[in-house]
């Protein structure tokens, strides 16, 4: 392999950028890195980014993902959580591995599938990115037509909704309209760090149930 990437060390919280990477080289790199690895990739038109997340990055993504699961469970909606699946589209020259992702409206379209092919399958309905050491590049997700992206930077939650071909900041979620998640999720995430995960999950579920009660 031209780069022998398995011999590289990318310290947690750091990124490596490689330019002029062809699609065939990207496929070779992904094969060499394998599926069970700490390094995540983002690729757009020849530019490849390799990143290793920090432990706090992983904590935040797991907790926020659990909050989304609670929201969907309480609303009785089917979903599929595919974590950091590699999404690729050769014709668009794009590949990306989100921190977390969910199929919600399109869950039935990919139910039971072991491989997702964006040439025929829809993109995930919701992507979550944790931005502690770097800002997520929105372009990958715009080109792959992901309807909604959440970006959390350890303090604030930003929600982006696809309008036409670009994202616009939104004050509420496309998937969960009418819920004050920009305030609630950081609040209960901070609670998990001071009072524990179980306490925070129970409190968040109680909050969701209160929000769903008819006025």
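The values are calculated or read from the model by the stated rules, or taken from the named source; none is laboratory data. Fair warning: this is a prediction, and the values are worked out from it, not measured in the lab. Cβ coordinates were reconstructed from backbone atoms using ideal geometry, including for glycine residues, and neighbour counts include every protein chain displayed.
Summary table
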{"quantity": "Selected residue (only one of 182, 211, 195 is out of contact with any strand residue (DSSP E or B) (no Cβ under 8 Å at 6 or more places or on another chain) and touching a residue at least 12 places away in the same chain (Cβ under 8 Å))", "calculated": "211"}
{"quantity": "Sole residue being touching a strand residue (DSSP E or B) at 6+ places or on another chain (Cβ under 9 Å), farther than 30 Å from residue 199 by Cα and either assigned to a loop (DSSP other than H, G, I, E, B) or modelled with pLDDT of 85 or more (or both), chosen from 42, 65", "calculated": "42"}
{"quantity": "So residue 70, is it more than 19 Å from residue 158 (Cα to Cα) and assigned to a helix (DSSP H, G or I)", "calculated": "yes"}
{"quantity": "Tally, over the range 148-172, of residues that are surrounded by 21 or more Cβ atoms within 10 Å (Cβ to Cβ) and either more than 26 Å from residue 92 (Cα to Cα) or within 13 Å of the chain's Cα centre (by Cα) (or both)", "calculated": "6"}
{"quantity": "Failed condition for residue 95, given (1) without any contact (Cβ under 8 Å) to a residue 60 or more places away in the chain; (2) surrounded by 16 or more Cβ atoms within 10 Å (Cβ to Cβ)", "calculated": "(1)"}
